[in-house]
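Following: one structure in C-alpha cells, then a few remarks.
Just so it is clear, none of the values below were taken in a lab; they were calculated from the coordinates. These numbers come from a predicted model, not from an experiment. Cβ placement follows ideal geometry from the backbone for every residue including glycine, while neighbour counts extend to all protein chains displayed.
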Amino acid sequence: MPEKLVIYTDGGCTGNPGPGGWAAVILNDPDNPLELSGFDRSTTNNRMELTAVISALESVQKNAASGQIIEINTDSQYVQKGISEWMKGWVARGWKTAAGKPVKNKELWLRLKALDDFMNVDWKWVKGHSGNIWNERCDELVARERSLFN
C-alpha cells in the first residue's frame, strides 16, 4: 500500500441550482484509476463539490485504518477552505457563519467533518481548467453526469 493515496474531485451543475454532477478519480493505481461519479436532478455547485469529496472518502475508509495519508485535490476553494479554515469557527459559533447566518449545507459538512476527523486527510486546492489531467478528467465525468438532464 502506498504511503499516500491521491484523489481528485469535482462537482458542478447546469444553472445554480439545477441538474448537477459530481466525480472523483482515485489514483490507487495511476495506470488504472478508479472513477466515481453521480448526479442530482436539482442541486447547487457547492453541494456537488461536497458530495464528490464525501463519496471519495467514504469509498476509501478502509485505508484510514492503516493511517494512510489521503490527499484530496479539489478545485473548490469552498471545500478546501471550509474544511481547513472555516470549520473550526462554524463549530465554535454553533454552526453559524462569521456573519451570524446558518452554515449552508450543514448536513454535508457534518458528514465531511466526521470523515476528516477519522482519516488522515491532506487538503489541496488545484486550479480548475488549468491542464491538470486528473482535474480535467473529473470535469469530464461531471459534464457527462450533468448531460443526462440537458
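Miscellaneous remarks
- Subset of the range 21-40 [surrounded by fewer than 18 Cβ atoms within 10 Å (Cβ to Cβ) and small (Gly, Ala, Ser)]: Gly38
- The set of residues in the range 63-74 that are in contact (Cβ under 8 Å) with a residue 24 or more places away in the chain and either over 16 Å from Val126 (Cβ atoms) or surrounded by fewer than 20 Cβ atoms within 10 Å (Cβ to Cβ) (or both) comprises Asn63, Ala64, Ser66, Gly67, Gln68, Ile69, Glu71.
- Taken residue by residue, the range 41-62 has no member that is among the polar types (S, T, N, Q), more than 23 Å from Lys106 (Cα to Cα) and crowded, with 18+ Cβ neighbours inside 10 Å.
- Qualifying residue in the range 75-82 (condition: exposed (fewer than 15 other Cβ atoms within 10 Å of the Cβ) and farther than 20 Å from Leu110 by Cα): no
- Within the range 84-141, the set of residues being touching a Leu at 6+ places or on another chain (Cβ under 9 Å) and of a type in the set (Val, Ile, Thr) comprises just one member, Val121.
- Residue check, Asn16 surrounded by fewer than 15 Cβ atoms within 10 Å (Cβ to Cβ) and not in a strand (DSSP E or B): yes
This table checks each residue for (1) assigned to a loop (DSSP other than H, G, I, E, B); (2) of a type in the set (A, V, I, L, M).
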site: Gly21; (1), (2): no, no
site: Asn28; (1), (2): yes, no
site: Asp31; (1), (2): yes, no
site: Leu50; (1), (2): no, yes
site: Leu57; (1), (2): no, yes
site: Gly67; (1), (2): yes, no
site: Tyr78; (1), (2): no, no
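- Every listed requirement among (1) over 14 Å from Val121 (Cα atoms); (2) in contact with a Ser or Thr (Cβ under 7 Å, 6 or more places away or on another chain); (3) surrounded by 15 or more Cβ atoms within 10 Å (Cβ to Cβ) is met by Thr9 save one, (1).
- In the range 94-150, the residue that is surrounded by the most Cβ atoms within 10 Å (Cβ to Cβ) out of those that are among the acidic types (Asp, Glu) and assigned to a helix (DSSP H, G or I) is Glu145.
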